[in-house]
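The values are calculated or read from the model by the stated rules, or taken from the named source; none is laboratory data. These numbers were taken from a predicted model, which means no experiment stands behind them. All Cβ positions, even for glycine, are placed from backbone atoms using ideal geometry, and neighbour counts span all protein chains on display.
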Amino acid sequence: MKNTFSVFKILSLGILIFACGRQADSEQKMPVITEIESDEKADSLQLLFNKFDWLSGEWSNEAKGQIIGEYWRKINDSLFEGIGFGLKGQDTVFKEHLQILTLDEEIYYVPTVSGQNDNQPVLFKMTDIGENYFISENKNHDFPQIIRYRLEAEGVLFAVIEGMLNGKETKREFRFRRATVRLMP
């Protein structure tokens, strides 16, 4: 199972690099991951990146006959990876690969949702990062445009996706508890 996750991680990184490197149109390229040259900026980004440590672990919730969950782990000083999923009975309702990463001296929340956005990652720039929360935005995305995460109390994670959907302000809230059984290897 550990090898499966490693293969998944390698494939996911390859997809992200490919998606970031391809041209959005004939004249504009997506940004590519680059090293930070300034030690001061690197230190600042590192301090911000350490604020995501609270997210590590397995989170789940059961509502309306569906189990939803997320699994997060810190890969290194500039990358968190996660998996989000929804299960209804034996069926997978949705699956997404999640990342928090540093790109061009900024920090991004990057979901890749199966069956959406041509299975390509979507960059949400972090606009606010605190001790136990973050807010990320992509005003050009169809829905959502804003994604928020907050650790409400020890063991309780609150996530919100929001924005315009079909001309109406829409908000979806998710409350997770730290999983008491192991969800992932």
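A Cβ distance below 8 Å, combined with a sequence gap of six or more or placement on separate chains, defines the contacts here; from region 74-99, residues that are part of a loop (DSSP other than H, G, I, E, B) reach residues that are crowded, with 16+ Cβ neighbours inside 10 Å in the pairs D77/F49; S78/L45; S78/F49; S78/L101; S78/T102.
Identify all residues within region 79-98 that are under 30 Å from S44 (Cβ atoms) and either loosely packed, with under 13 Cβ neighbours inside 10 Å or in contact with a Leu (Cβ under 6 Å, 6 or more places away or on another chain) (or both); write none if there are none. Talk me through it step by step, then tell me what you get.
So the first thing to find is which residues in region 79-98 are under 30 Å from S44 (Cβ atoms), and the list is 79-84, 96-98.
Listed by number, the residues that qualify are L79, G82, G84.
In region 41-78, the residue that is modelled with the lowest pLDDT out of those that are surrounded by fewer than 18 Cβ atoms within 10 Å (Cβ to Cβ) and of a type in the set (A, V, I, L, M, F, W, C) is A42. Would you be able to tell me the number of residues in region 130-167 that are without any contact (Cβ under 8 Å) to a residue 40 or more places away in the chain, in contact with a Leu (Cβ under 7 Å, 6 or more places away or on another chain) and not aromatic (F, W, Y)? Matching residues across region 130-167 total 1. Among the conditions (1) under 11 Å from the mean Cα position of the chain (by Cα); (2) over 19 Å from W54 (Cα atoms); (3) of a type in the set (A, V, I, L, M); (4) crowded, with 18+ Cβ neighbours inside 10 Å, L103 misses just one, which is (1). Residue count for region 101-127, restricted to those that are in contact with an Asp or Glu (Cβ under 8 Å, 6 or more places away or on another chain) and closer than 18 Å to R148 by Cα: 7.
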